[in-house]
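Here is the structure we will look at.
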Amino acid sequence: MTSTIVYTGDLRTELTHLQSGTVIETDAPTDNMGKGERFSPTDLLATSYGACMITTMAIRAASMNLNFKGTKIDITKVMSTDAPRRVIEIKAVLHFTKDFVADDEQKEQLIRIARTCPVEKSLHPDIKLDVEFDW
C-alpha cells in the first residue's frame with residue numbers, strides 16, 4: 001500500500017503516507033461547500049504535477065552539476081464551470097534563480113524532462129497544460 005485516507009468530518013480527509021508517516025489534510029474548496037482551509041483534492045492534483053516536474057528536473061540538473069536549489073513553480077488550477085466538476089487546465093510558471101546557469105542544450109533537456117514527468121503522462125489528455133519556463 002502507498003497511503004491511507006480517513007474521512008474526518010466537515011468535508012475533510014487525513015491522508016497518511018505509509019512509508020514515512022507524513023500526514024496531509026484536505027478540505028473541500030469554498031465553491032463546493034468546504035472551508036478552503038487546506039489543499040482540496042484537485043489542488044493536490046495540480047500541485048502534484050508541479051512537484052513532479054521540479055523533482056525530475058532536479059534529478060537531471062544534479063547529473064549536469066547545475067545549481068537548481070531555489071527553483072520555484074507557481075501553479076494555477078482551473079476548474080470547469082459546467083458539470084461535471086473537473087480540472088480543465090493547469091498553468092505552471094517555473095522561475096529559476098539568478099544562480100541557475102545553463103546553456104541552451106541543458107535547458108532543452110530540462111524542458112523535456114519536465115514535460116515527460118510521470119504525473120504529466122498520467123493526466124487525462126483533455127486537461128490543458130500551460131507551462132512557461134522563466135529562465
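The values are calculated or read from the model by the stated rules, or taken from the named source; none is laboratory data. Not measured: the values here are computed from a predicted model. When we count neighbours, we look across all protein chains shown, and the Cβ atoms used for this are built from the backbone with ideal geometry, even at glycine.
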Task: Filter result for Gly21 (closer than 23 Å to Trp135 by Cβ and modelled with pLDDT of 95 or more) - done: no
Task: Which numbered condition Ile111 misses (of (1) touching a residue at least 24 places away in the same chain (Cβ under 8 Å); (2) surrounded by 15 or more Cβ atoms within 10 Å (Cβ to Cβ); (3) not acidic (Asp, Glu)) - done: (1)
- [ ] Go through region 102-135 and give me each residue that's within 19 Å of Val87 (Cα to Cα) and not charged (D, E, K, R).
- [x] Cys117, Pro118, Val119, Ser122, Leu123, His124, Pro125, Ile127, Leu129, Val131
